[in-house]
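Laboratory data are not the source of any read-out in this text; all were calculated from the coordinates shown. Bear in mind that the values here come from a model prediction, so they are computed numbers and not experimental data. Heads up, the Cβs are rebuilt from the backbone with ideal geometry, glycines too, and the neighbour counts pull from every protein chain shown.
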Amino acid sequence: MKEELVPIDDMALRPGMTLGELSEQYLKAGGFTAKKLGQAVEITREMMADEEAKIFLSFPACIIATGVRGVIKDLVRKKMVDVVVTTCGCVDHDLARVWKKYYHGDFLLDDAKLHREGINRLGNILVPNESYGIVLEERLQPMIEDIYSKGINNSSVRQLVHEIGKRVDDESSILHWASKNEIPIFIPGPTDGSFGAQLWSFRQTHPKFSIDVLKDEDELAEIVFKTKKAGALMIGGGISKHHVIWWNQFRDGLDWAVYLTTAEEWDGSLSGARCREAVSWGKIKEKAREVTVEGDATITLPILIGSVLQK
């Protein structure tokens with residue numbers, strides 16, 4: 001055992017150091033979660049470099065309200081991922097920020113006062129009513145009307161989001177680049193947000209309008225069953241994370257898995273479950289390269305992707 005031990009090196013920071021060089025020091029110096037982040041960089045580089053691999057990206061909507069939206073957008077723009085699985089609010093925040101601004105706030109602001117002023121608080125981010133529900137209704141209803149008038153009805157949610165992305169002429173938008181690069185966006189909970197509310201509202205005046213969520217599952221199944229190797233970068237938990245690992249169990253599990261989370265596992269939640277738990281279900285392969293990195297993804301994700309981009 002002692003012959004196999006690897007000594008800890010001290011970190012040596014210097015001006016001009018790249019993120020890639022920093023992540024390599026994380027591996028050599030240890031540092032608890034820092035070493036896991038260094039491992040995440042290695043695993044992500046490996047799976048993205050494998051031409052046979054299909055890369056799944058999952059994340060919750062909340063980070064799209066932050067500047068990390070730009071990191072997600074670049075992953076899609078640069079075609080570093082092949083499949084996106086997210087929540088309904090991703091459409092909300094991505095489109096709302098195309099047309100309006102979100103603002104800096106604080107976790108400890110007076111929420112009752114904010115409510116009276118028509119400002120919604122998302123953590124330490126401020127979202128005025130005119131920057132969210134109001135503008136989404138104004139802009140989305142004509143888009144849905146145009147899509148419906150083209151005979152697109154009872155479609156998958158993926159197809160509907162693709163059509164909306166085609167109508168967004170803004171290079172800051174995730175939906176814009178996903179449509180342009182033919183990267184599918186799957187939303188297994190499509191009614192849980194303003195986008196879903198707009199679909200419901202549209203059907204009040206167009207009773208024949210509908211979506212078919214099982215068509216999304218058909219499309220996901222086709223991707224999964226044709227994939228030779230599969231890797232996943234999963235940010236946060238919930239339905240988006242689970243949908244990735246759920247479908248990949250049908251191909252005997254993921255070959256690579258990187259999970260960025262702040263959730264705890266002791267409550268038995270899916271969000272808190274580490275990669276090792278998914279191995280027991282066959283959602284991640286026994287011999288897969290995997291790591292769970294604890295920490296706020298608005299910190300860890302830019303370091304991770306910045307390091308990967310340098311190679």
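Rule-of-thumb check for the stretch 72-202: C-alpha Rg over 2.2 N^0.38 Å?
So the Cα radius of gyration is 1.10 times the expected 2.2 N^0.38 Å.
List the residues whose amide H sits under 5 Å from the amide H of residue 284, counting only those 5 or more places along or on another chain, with H placed 1.01 Å from N in the peptide plane.
254, 279
Say a site is exposed when it is one of the GluC sites (Glu not before Pro), sits in a DSSP loop, and has at most 13 other Cβ atoms within 10 Å; what is then the longest site-free stretch of the chain?
Free of exposed loop sites, the longest segment is 183-263.
Suppose every K and R has +1 on its Cβ and every D and E has -1 on its Cβ; what is the size of the dipole of the chain about the Cα centre, in Debye to the nearest 20?
420 debye
Tell me which residues come under 5 Å, amide H to amide H, from residue 212 once H is placed; ignore anything under 5 positions away on its chain.
The answer is 155, 156, 157.
Dipole size in debye (nearest 20) for the stretch 228-286 around its Cα centre, Lys and Arg Cβ +1, Asp and Glu Cβ -1?
Result for the stretch 228-286 is approximately 320 debye, rounded to the nearest 20.
Output wanted: per-residue J couplings in Hz (rounded whole) for the stretch 94-106, from phi through Karplus 6.51 cos²θ - 1.76 cosθ + 1.60, θ = phi - 60°, x for Gly and Pro.
For the stretch 94-106, the Karplus curve yields 4, 6, 4, 7, 5, 9, 9, 9, 9, 10, 5, x, 7 Hz.
Let me know the Rg and Dmax you get for the chain when you use only its Cα atoms, in Å.
Reported Rg and Dmax, both Å: 20.6, 73.
With unit charges on the beta carbon (Lys/Arg positive, Asp/Glu negative), name the residue among 280, 232, 268 whose Cα is farthest towards the positive pole of the charge dipole of the stretch 206-311.
Value computed over the given set: 232.
Starting from the Cα gyration tensor of the stretch 33-85, take the square roots of the eigenvalues, sort them a ≥ b ≥ c, and report rounded, prolate or oblate (rounded when a/c is under 1.5, otherwise prolate if a/b is larger than b/c, else oblate).
In terms of gyration-tensor shape, oblate.
State the Cα centre-to-centre distance between the stretch 1-21 and the stretch 176-199 in whole Å.
42 Å
Tell me the trypsin sites (Lys or Arg not before Pro) within the stretch 80-160 that lie in a loop according to DSSP and have at most 14 other beta-carbon atoms within 10 Å.
Answer by residue number: 101, 150.
Using only Cα atoms, locate the centre of the stretch 35-67 and the centre of the stretch 109-168, then give the distance between them in Å, rounded to an integer.
Measuring centre to centre over Cα atoms gives 27 Å.
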